[in-house]
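What follows is a single structure, written as structure tokens, with notes after it.
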Amino acid sequence: MTELKNYREVGIFDLLSAPLNPIGAFDAEQFKKDARKLIDDNPDDKFVAVDLTGLDFVYSDAYNAFVQFQGELSGKGGMLALLSNSATIADGLKKAGLDRSLKVFAAEAEMMSFSLHSHGPAEPLPPASPVPEPEVAPVASQNVHSALDAEQPRAERRTGHNRRFTKSFNAVVKDEKKLAAKGMNMPFEEESSSGKTVFFIILILLVLGGAVAYFLM
């Protein structure tokens, strides 16, 4: 029997080269033959992959062949994987509902990493931890204080017993008016009292003068 030479070992995977038909498209029928021979000749190998690098698309018959060998290998605790970085192929797998059942590697380095971290048959890779977003340091701005002041409620004006002052402006004005009026009236009151005193003194002098003149006559 002719030995199959269109594959190479990458980690735990036997990586098959993609067979092409005369027009350069993926040959699904030839792939089935190559995969069958590889599996039969190496019954202990449970991890098989096909190299689709350089291909932008595959037809539905290729998807059917992938599903066929994936079911067979997963039954033995292995898997069928694809090596491709084509967005079109990835989109086709998603539309066919095969994006979860078929493992896709973008580079051989990923296959090696998977092989090193694989501790059991068909053990899925641990989910990647979410990368926390870096904290953005606050940027100083001239409008920070004004914005904060605008958000803070203004203190209400105190009324009643909570007022700080006991006299209002109007009360002060009224008191000043009373004091001014009192100051203006005081001179007149003093002048009125002095005039009355002088009048009585003159009146007494006249009475005395009249009495003296009467006795001298």
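None of the figures in this text is laboratory data; all of them are computed from the coordinates on show. For clarity, every value in this text was computed on a predicted model and none was experimentally measured. Ideal geometry is used to build each Cβ from the backbone, glycine not excepted, and the neighbour counts take in all protein chains shown.
Worth pointing out:
- Scanning region 95-111 for residues that are touching a Leu at 6+ places or on another chain (Cβ under 6 Å), without any contact (Cβ under 8 Å) to a residue 24 or more places away in the chain and under 15 Å from VAL48 (Cα atoms) returns a single hit, VAL104.
- Residues in region 48-81 that are among the acidic types (Asp, Glu) and under 44 Å from the mean Cα position of the chain (by Cα): ASP51, ASP56.
Yes/no per residue for (1) touching a Lys or Arg at 6+ places or on another chain (Cβ under 7 Å); (2) surrounded by fewer than 19 Cβ atoms within 10 Å (Cβ to Cβ); (3) of a type outside the set (Phe, Trp, Tyr); (4) assigned to a helix (DSSP H, G or I):
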site	(1), (2), (3), (4)
ILE23	no, yes, yes, no
LYS37	no, yes, yes, yes
ASP40	no, yes, yes, yes
ASP44	no, yes, yes, no
VAL48	no, no, yes, no
GLY54	no, yes, yes, no
